[in-house]
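The block underneath contains the structure these notes are about, expressed in structure tokens.
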Amino acid sequence: MSPAYCWSFFAFCSTLLGAGILFIKREWTKIHIWRILAFVSGILLGSAFIKILPEANSLSPQYAGLGAIFSFLLIFALEGFTMMHSCLEYTEPCEIHYVSWVAFVSLALHSIFDGLAISIAFQKNIELGLVVASAILIHKITDGLTLTGLLLKANYSNKKSLLVVILVACATPLGTLFFNPFSSFFSDQAMGWWLGFIAGTFFYIGAADILPRLHKVKDIYCLGSFVFGIAVGGFPF
């Protein structure tokens, strides 16, 4: 069995773990959420800049750059119309949250991209696959945590919130299941584009939420978590 399938299943479990943490430690997660997000954002940025983008450039620098900017603009555009990434919405001090089914579809699409990323990375080599899969695994914990918190804040019941999280989490292994058989046929240019796409996704997710927060709030622990995450994400195997 391809390791991509195993890691995409672990990503599914990681999303549920994040939901479970919130159910058990709700007040604790609310207090420390930004420090957790800072650590995860650092991992995404460290792995993207130090590991993924150099691999993409070694295959095709031009296509790597095109893939990175395309994914960055794609997520930016989607977030302009709906909630594709849930961290900021959950942490905003807003009393009323309306979560539409369009938002769920966007979040599922985001999870499909994660499954695709795992497939592409393992197709390139095992080391890169472990880097990408590990970053996604940790990121999915915050996805499960923040999505569950957002649903509960929107007055969803615990049972319904968990069901929605499970459905969104299933998109990651489904994305891997669909894309993995085709990834072996990609040319170097196509592989460079897709690795650039993954790096661009990590750039946006890692920077969009936490960097504005670090400018607003002088939390030394949050900044320390961010720097530590970059070191972990970029640390050579």
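Of the residues making up segment 21-60, those that are closer than 13 Å to residue 199 by Cα and out of contact with any helix residue (DSSP H, G or I) (no Cβ under 6 Å at 6 or more places or on another chain) are 49, 54.
Filtering segment 42-78 to residues that are touching an Asp or Glu at 6+ places or on another chain (Cβ under 7 Å) and either surrounded by fewer than 18 Cβ atoms within 10 Å (Cβ to Cβ) or in a helix (DSSP H, G or I) (or both) leaves only 59. Is it the case that residue 119 is hydroxyl-bearing (Ser, Thr, Tyr), surrounded by fewer than 18 Cβ atoms within 10 Å (Cβ to Cβ), touching a helix residue (DSSP H, G or I) at 6+ places or on another chain (Cβ under 9 Å) and within 23 Å of residue 2 (Cα to Cα)? Considered against the rule, which asks whether it is hydroxyl-bearing (Ser, Thr, Tyr), surrounded by fewer than 18 Cβ atoms within 10 Å (Cβ to Cβ), touching a helix residue (DSSP H, G or I) at 6+ places or on another chain (Cβ under 9 Å) and within 23 Å of residue 2 (Cα to Cα), residue 119 comes out as no. Using the structure shown, decide if residue 224 is at pLDDT 85 or above, in contact with a helix residue (DSSP H, G or I) (Cβ under 7 Å, 6 or more places away or on another chain), within 16 Å of residue 43 (Cβ to Cβ) and among the small types (Gly, Ala, Ser). It is false that residue 224 is at pLDDT 85 or above, in contact with a helix residue (DSSP H, G or I) (Cβ under 7 Å, 6 or more places away or on another chain), within 16 Å of residue 43 (Cβ to Cβ) and among the small types (Gly, Ala, Ser).
Residues in segment 125-134 include at least one that is assigned to a helix (DSSP H, G or I), modelled with pLDDT of 90 or more and over 20 Å from residue 45 (Cβ atoms).
The test for being of a type outside the set (A, V, I, L, M, F, W, C) and within 25 Å of residue 49 (Cα to Cα) holds for residue 192. Can we say residue 144 is at pLDDT below 85 and closer than 25 Å to residue 39 by Cα? So residue 144 does not fit the description; no.
The values are calculated or read from the model by the stated rules, or taken from the named source; none is laboratory data. Remember, it's a predicted structure, so these values are computed and weren't measured experimentally. Quick reminder, even Gly has a Cβ in these numbers, built from the backbone with ideal geometry, and neighbours come from all protein chains shown.
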